[in-house]
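Notes follow once the structure below has been shown.
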Amino acid sequence: MPADSTVSESASLRSLIAPLIAIIVGLFMVILDSTAVNVAIPVISEDFHSSLTLIQWTITGYALAQASVIPLAGWMSDRFGAKQIFIISIILFVGSSILCSFAGSAEMLIFFRILQGLGGGMVTPIAFAMIYRISPAESVGRIMGIMGVPVLLAPALGPIVSGYLVDYVSWRWLFLINIPVGIVGVILSILLLPNLPKKAFAPLDSLGFMLAPLAFGGLSYGLSEGGEGWTTVKTITGLTVGAVALILFVIVELRSKKEPLLELRVFRSMQFTLGILVQWVLQLALFGMIFAVPYFMQRLMGMSAFEAGFWSLPQAIASGIMMPFSGRLFDRTGARPLVVGGLILITAGAYMFSMIDPSDSSWTFLLPRILLGLGSGMSFIALNTHLIQAAPKELVGRVTSLTSAAQQVVSSLAIAGLTTFLVSRTDHYASNGEAPVPNAMTHAFHNTYQLLAIIAVAGLLLAITLKRPAPKDADLTPGEANKTPVIVME
C-alpha cells in the first residue's frame, strides 16, 4: 500500500474516534441492560411477591418491544435523520429506566420495561447504520470489528454487574445506573455525531406495524398463561388472537405494494428458510438456558445474584474466543460444519445441565457453560453470513432487520414457553407427593434442560440440510456479511 494512502487512512480513522465514542456509549448501555435483568428475576419476584409466570414479562415484554421497533429504525432514520432518532431513542431509554427504578408493582415494572424496549430497540440498528455511513469504504471492516467489542463485552458484563448491584445495593440500581451513562451518551451524541443527510423514504407500513405486536404479543401471552391450563379463557384468547393476527400480518406483508415492515418474500429462498429456522432453534435453546440457569442457581442452590452472574463469564469468554475462528473457517467450510458442530456442543451442554443437582458444587457449571459458549460462537457468525448470502440479491438489504426482529420475538417466546413448561412440570411432580421446593422444582428444571437439548437436536437435524448458496444468490462476500455482528445474549 502506498505511504500516502496509509497516512490518509490513518487520518480518516482518527477523525472517526469522536463519533465512535458517542455511539459506543449509547450502544454499550443498551446491550448491557438487555442481559442484566435475567439474574435479578428471583429477587424482583420476591420483592413484589409475584409468580415467575408474571415476572418473566419484564424480559418478554422488553424483547417484544424491541422487536416491534427494529424494522422501523431505517424508516425513522430516513424520515427524521439518524442522529436525531438515535438521541431520542437514548432519552426514551433513560427516561423509562428511571420509571423502572421507581416501579411499585410487577405490573408497573413490566409496563416501564416495554417503554424501555421501545427506546433500546432503535439504538443498535441505527448505531451500526450510522457507522457504516460515516466510515471510509476501505476501513469499514476494521471499524465494524472495533464495534464488535462492546457487542461481545456488554452481554458478558451484564449479569456480573447486575449480580453485584442486586446483592450489595438494590435491583433498582440496574436502571438508575443508566441515568449518568445516558446523559453522557446524549451530550456526546449532540456534540460529536455528524448530521447525516435524510434519505427518500417509502410510506410507513402502518397495518403491518399494528398487526406484528398483536401477533407476537398474543402468542407470548397465550404461551405464558398455558401454565395455568391450556383450556382457560386467557390462554385460548391469547393464542387465538396471536395466530389470527400472525396470519393477517403474513398476508399483508406479502401483498404489500409499498415497502413492507418485514420483507417476508426472502423466504422464497429455501436455503434462507432452512438457515433462519436453524437460527430460531439455536436462539430458543440458548436463550432458554440463559434464562433458566441463573434462576436454578439462586432459587435451588442458594447462590447469590453476583455468584450466579459471575458463572455466565466462562460462556461469554468461550464465545468470544470462538467467533474469530468461526469467521475464518466459514470461507473454507461454509455454514454446515460449523453450525452442526456448534449444535452438538450446545446439545451436550444442555444435557449436562440436566444432570446437576442443587447439592452439587458450583464448579459443575463450568464445563457446560464453556460448551454453550463454544457452540454459540461457532454457530452464530456462520448462520448470519449464510442468511445474507442465501437471500435473493434484491432483498439482501432487508435481511438484517428481519433476522434481528425475529431473534427478539423468538427470545420472548422461549421465555414464555419455558416458564409455562417449568411451572407445569413443578406442579406435576408436586401433585405426585414431592416437596415443591427443592424436589419437584429440581426435577422440573431437569426436564426443562432435557427439552432444550431435544430442541438443539432438532436444530442439528435441520443444519445437516444447509448447503452453500449458489454464487448468483450471494450479494456479499463472507467478510462483508460479517460487518453486521449478531448480538448474542449471554
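The values are calculated or read from the model by the stated rules, or taken from the named source; none is laboratory data. Here the structure is a predicted model, which means the values were calculated and not measured. Here Cβ is always computed from backbone atoms with ideal geometry, including for glycine, and neighbour counts include all displayed protein chains. Remember, those area values only see protein heavy atoms, side chains included, never the ligands or the DNA or RNA. Shrake-Rupley method; radii C 1.70, N 1.55, O 1.52, S 1.80 Å.
Only Cα pairs under 8 Å and 6+ residues apart enter the sum, and on that basis the relative contact order of the range 197-295 stands at 27 percent. Rolling a 1.4 Å probe across the protein heavy atoms gives the range 268-387 an accessible surface of 35 Å² per residue. Taking all Cα pairs closer than 8 Å and separated by 6 or more residues, the relative contact order of the chain comes to 22 percent. If r is the Cβ-Cβ distance from T333 to I17 and R0 is 56 Å, what FRET efficiency results, to the nearest 0.05? So, using R0 = 56 Å, E works out to roughly 0.95. Helix content alone sets the calculated 222 nm mean residue ellipticity of the chain: runs of n ≥ 4 DSSP H residues at -39500 (n - 2.57) each, divided across all residues, give -26000 deg cm²/dmol.
Each residue, H428 and S105, gets one label point 7 Å from its Cα in the Cβ direction; the gap between the two is 3.3 nm. Accessible surface calculations at 1.4 Å, restricted to protein heavy atoms, place the range 183-263 at 57 Å² per residue.
Once the Cα-Cα distance is subtracted from the 0.36 nm per residue extended length, the T232 to I247 segment shows a gain of 3.1 nm. With the cut-off at 1.5 for a/c, could you classify the range 307-424 from its C-alpha gyration tensor as rounded, prolate or oblate? Oblate, because a/c is 1.5 or more while a/b does not exceed b/c.
The orientation-averaged shadow of the Cα convex hull for the range 15-113, equal to a quarter of the hull surface, comes to 7.1 nm².
The overall shape of the range 229-340 is oblate: from the C-alpha gyration tensor, with semi-axes ordered a ≥ b ≥ c, the ratio a/c is 1.5 or greater and a/b is no larger than b/c. What you get for the range 291-436, charging only the Cβ of Lys and Arg (+1) and of Asp and Glu (-1), is a dipole of about 560 debye around the Cα centre. Fully extending the segment from L191 to S206 would add 2.0 nm, taking 0.36 nm per residue of separation and subtracting the current Cα-Cα distance. Summarising the overall dimensions of the chain from its C-alpha atoms, the Rg and Dmax are 21.9, 79 angstrom.
At a 1.4 Å probe, what is the % contribution of carbon and sulfur to the accessible area of the chain? After summing per-atom areas, the C and S share lands at 69 percent.
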